[in-house]
Amino acid sequence: MSDFTGVILTSRMAVDHYFRMAKETRFTVPDDMKYFCISEAVALYLQKYVPYRKRKIFFGKQTIEELTELMKKHKGENFLLP
């Protein structure tokens with residue numbers, strides 16, 4: 001998981017699953033990890049695990065097409081889709 005610099009989160013369950021995987025594999029999630037969420041609700045749920053900072057949490061308006069527009073701006077990222 002350390003090869004990835006961005007995580008695509010499509011639901012609250014995906015958020016829980018990602019951080020559960022990280023805990024079980026004893027992977028420390030880096031502070032500079034970027035999170036791409038499908039909606040603002042998922043982004044707000046992410047606060048349960050990480051402090052909410054605008055520079056590292058990006059979200060669309062419910063569709064994957066809107067999220068891909070944000071991802072195109074970050075071409076250098078390696079994405080993980082849990």
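The values are calculated or read from the model by the stated rules, or taken from the named source; none is laboratory data. All of these numbers come straight from a predicted model, not from anything done at the bench. Every residue, glycine as well, gets a Cβ built from its backbone with ideal geometry; the counts of neighbours run over all protein chains shown. Remember, those area values only see protein heavy atoms, side chains included, never the ligands or the DNA or RNA. Shrake-Rupley method; radii C 1.70, N 1.55, O 1.52, S 1.80 Å.
Computed over protein heavy atoms with a 1.4 Å probe, the accessible surface of the chain works out to 67 Å² per residue.
For a straight C-alpha distance cut-off of 16 angstrom, the lysines reachable from Lys73 (same-chain residues fewer than eight places away being disregarded) are Lys34, Lys54, Lys56. In this structure, Asp31 and Asn78 have a Cβ-Cβ separation that, at R0 = 25 Å, corresponds to a calculated FRET efficiency of about 0.90.
Work out the FRET efficiency for Arg55 and Thr10 from their Cβ-Cβ distance, taking R0 = 30 Å, and round it to the nearest 0.05.
Working: r = 21 Å, r/R0 = 0.71.
Taking R0 as 30 Å, the efficiency between Arg55 and Thr10 is 0.90.
Seen from a random direction on average, the alpha-carbon convex hull of the chain projects onto 4.8 square nanometres.
Rounded to the nearest Hz, the phi-derived 3J(HN,Hα) couplings of segment 6-13 under the Karplus curve 6.51 cos²θ - 1.76 cosθ + 1.60 (θ = phi - 60°) are x, 10, 9, 10, 9, 7, 5, 5, where x marks glycine and proline.
State the percentage of accessible surface on the chain attributable to carbon and sulfur atoms; use a 1.4 Å probe and exclude ligands, DNA and RNA.
Values: 2920 of 5520 Å².
Exposed carbon and sulfur together represent 53 percent of the surface.
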